[in-house]
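Student: Input: one structure, supplied below.
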Amino acid sequence: MNEINTEEVQIRRRNRAYALLIFATFFMYIVLTGAKNLYVAEKTTLEGLGTFGSYTDLAATMEYYFYTYAVMQIVLSLFMSKLNIKWFLTITLGVSAIITILTAFTNTIIEHWILYAVNGVMQAGVWGCSIKVLSTYLPQRSLSTANKLMTSGPAVAGIVSYGTAALFGDNWTVPFILLGVILLVAVAFFFFSVTNVHRFPREIHTHHVVRADGTEEDVSDEDDNDFIHLNSKKRIIVFYVISILLGFAVTSLFFAMNNTLDIFLKQIGGFDNTVSKWLTTLAPIAFTVGPILCVSVCDKHKNFIKVGAVFFGLALVFVLLLVFFFDVNIILSLALILAFLVLTNGGRSISLSIAATKMRDKLDSGRYSTLVNAAASIASGVIPKLFTTIIDNAQRTAQQNWQIAFIVLVIFTVIVVTALLALILWIKYLNKKDEKSL
């Protein structure tokens, strides 16, 4: 009896350690992302001051951030297997928290460019290392919850950044100090949770399946996700390349619209800075539905590429409607934009985390997610700035600028959907080829 009680206590402790790790990783990620995106949330205030340049100048700050972020991620991918992730993230993100606080004491746009370029280096490991930690310690049954939280992280972080900015109105300095301090606390909490969960080895579960040929066997949960056979170096390389390109494309779609939503509300909706911030704060609440829905669907349908094709196919419908109806009614246009962002945010979670965790025993989840996120980082920096140049053209009216911008989104979405359908056909071809060779 005592042995049974001891085992039950051990199981409860292990499950608490899993839950604590998931929450600590998620908390650290949303605070860090919220602190980083605070700059985007404050851009209408900063532009109004007249000392930090135009919207395009302000967008360049995040562009430089994502350049260094992406380059450092590529470097990290080469050493991911040798990193002590707990200490690496504690040190680099601790420095990042200090940089966030220092931003509040700047007076020129050049200072912003320098600080955010350095911050890009410090924050480069957060996504890949977070996915690596979760994939290393969590059992398959816990990964679904972790995926839902992590992939909804950017949307929740949007609430953090825009909510904090709106809370302090036109005072842009206090939010940077506040989130910088909270980030220091989050990093310490993460350090403790990893130390705690390290005492428990990862669980491996198997279940009984009946194959199409009538044979029966016990397989691990990871093996059951093998809808694409990555049984050669060539296929693995091709899968990496395709994932990186798609990561860039799908992130471009989301951030092009997400990072300029407050400008749309100001230019087309006619709202002032504070109201635009509050409305943009509420929007991410809707965004969280996308990743949660996508992870749930992928739990039921192992071919996550088909799920992605459906999500972006639906997104294409909504952005097409925006081309024609974006200036008819602000409520209608906002609803269409939110639907587009929910679907693209959900679909991009496949390349950012779902693929990495579903195939963690076939690929190095840390290296894979780091490389894909590097491509996504470049998109996050480059695309919003390019999109901003379209909507910030003084030679055209705001309506003309936004109509052109939505047409560009339509073209990009068509490219993504076409690429996903081509990938589905390629996988079918490989599977048939493997079946013939047996």
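Student: Give the residue, chosen from Leu21, Leu58, Leu32, that is under 17 Å from the mean Cα position of the chain (by Cα) and open to solvent by less than 10 Å² (accessible area, probe 1.4 Å).
Tutor: Details: Leu21 fails: under 17 Å from the mean Cα position of the chain (by Cα); Leu58 fails: under 17 Å from the mean Cα position of the chain (by Cα).
Every option except Leu32 fails the conditions.
Student: Hey, which of the helices (runs of 4 or more DSSP H) in segment 347-438, taking only ones fully inside, have at least 2 residues that are without any contact (Cβ under 8 Å) to a residue 12 or more places away in the chain?
Tutor: Values: elements: 355-358, 365-391, 398-437.
Per the criteria, 398-437.
Student: Considering only residues of segment 369-409 that are in contact with a Ser or Thr (Cβ under 7 Å, 6 or more places away or on another chain) and among the hydroxyl-bearing types (Ser, Thr, Tyr), which is surrounded by the fewest Cβ atoms within 10 Å (Cβ to Cβ)?
Tutor: Result: Thr389.
Student: Taking only segment 284-301 into account, find how many residues are part of a helix (DSSP H, G or I) and crowded, with 22+ Cβ neighbours inside 10 Å. Outline the logic, then answer.
Tutor: Let us first name the residues in segment 284-301 that are part of a helix (DSSP H, G or I), namely 284-287, 289-300.
From what's left, crowded, with 22+ Cβ neighbours inside 10 Å: 284, 287, 290-291, 294-295, 298.
Selection size over segment 284-301: 7.
Student: Within segment 161-197, track down each residue that is farther than 19 Å from Ile101 by Cβ, surrounded by fewer than 15 Cβ atoms within 10 Å (Cβ to Cβ) and either at pLDDT below 85 or touching a Ser or Thr at 6+ places or on another chain (Cβ under 9 Å) (or both).
Tutor: Gly169, Asp170
Student: Here's another thing I want to ask about it. From the list Glu47, Glu111, Glu42, which residue is surrounded by fewer than 17 Cβ atoms within 10 Å (Cβ to Cβ) and under 28 Å from Thr260 (Cα atoms)? Even if it seems obvious, please write down each step before you answer.
Tutor: On the way: Glu47 fails: surrounded by fewer than 17 Cβ atoms within 10 Å (Cβ to Cβ); Glu42 fails: surrounded by fewer than 17 Cβ atoms within 10 Å (Cβ to Cβ).
Exactly one of Glu47, Glu111, Glu42 is surrounded by fewer than 17 Cβ atoms within 10 Å (Cβ to Cβ) and under 28 Å from Thr260 (Cα atoms), namely Glu111.
Student: Do the conditions hold for Lys362, that is, is it of a type outside the set (Val, Ile, Thr), open to solvent by 10 Å² or more (accessible area, probe 1.4 Å) and in contact with a Ser or Thr (Cβ under 9 Å, 6 or more places away or on another chain)? Show your work before the answer.
Tutor: On the way: of a type outside the set (Val, Ile, Thr): yes; open to solvent by 10 Å² or more (accessible area, probe 1.4 Å): yes; in contact with a Ser or Thr (Cβ under 9 Å, 6 or more places away or on another chain): no.
So Lys362 fails the test.
Student: Could you tell me whether any residue of segment 94-103 is small (Gly, Ala, Ser) and closer than 26 Å to Thr344 by Cα? Before the answer, list the steps.
Tutor: Looking only at segment 94-103, we keep the residues that are small (Gly, Ala, Ser), and these are 94, 96-97.
Then drop every residue that is not closer than 26 Å to Thr344 by Cα, which leaves none.
The answer is no, given that none of the residues of segment 94-103 is small (Gly, Ala, Ser) and closer than 26 Å to Thr344 by Cα.
Student: Read through the list (1) free of Cβ contacts under 8 Å to residues at least 12 places away in the same chain; (2) out of contact with any helix residue (DSSP H, G or I) (no Cβ under 9 Å at 6 or more places or on another chain), then give the number of the only condition that Thr108 fails.
Tutor: It fails just one condition, (1).
Student: Is there a residue in segment 147-155 that is out of contact with any Pro (no Cβ under 9 Å at 6 or more places or on another chain), within 30 Å of Arg199 (Cβ to Cβ), open to solvent by 40 Å² or more (accessible area, probe 1.4 Å) and of a type outside the set (A, V, I, L, M, F, W, C)? First the steps, then the outcome.
Tutor: As a first pass, look at segment 147-155 and keep what is out of contact with any Pro (no Cβ under 9 Å at 6 or more places or on another chain): none.
No; the residues of segment 147-155 include none that is out of contact with any Pro (no Cβ under 9 Å at 6 or more places or on another chain), within 30 Å of Arg199 (Cβ to Cβ), open to solvent by 40 Å² or more (accessible area, probe 1.4 Å) and of a type outside the set (A, V, I, L, M, F, W, C).
Student: Now for a separate question. Answer yes if at least one residue in segment 345-353 is of a type in the set (D, E, K, R), modelled with pLDDT under 90, surrounded by fewer than 19 Cβ atoms within 10 Å (Cβ to Cβ) and at negative phi, and no otherwise. Working first, answer last.
Tutor: Within segment 345-353, the subset of a type in the set (D, E, K, R) is 348.
Checking which are modelled with pLDDT under 90 leaves us with 348.
Restricting the remaining residues to those that are surrounded by fewer than 19 Cβ atoms within 10 Å (Cβ to Cβ) gives none.
Checked against the condition, which is being of a type in the set (D, E, K, R), modelled with pLDDT under 90, surrounded by fewer than 19 Cβ atoms within 10 Å (Cβ to Cβ) and at negative phi, segment 345-353 yields no hits at all.
Student: Between Glu3, Glu42, which is modelled with pLDDT under 80 and more than 21 Å from Phe189 (Cβ to Cβ)?
Tutor: Within the list Glu3, Glu42, the selection yields Glu3.
The values are calculated or read from the model by the stated rules, or taken from the named source; none is laboratory data. Quantities reported herein were computed from a predicted structural model and do not represent experimental measurements. Note that we place each Cβ from the backbone using ideal geometry, even for glycine, and neighbour counts take in every protein chain shown. Accessible surface areas use protein heavy atoms only, side chains included; no ligands, DNA or RNA. Shrake-Rupley method; radii C 1.70, N 1.55, O 1.52, S 1.80 Å.
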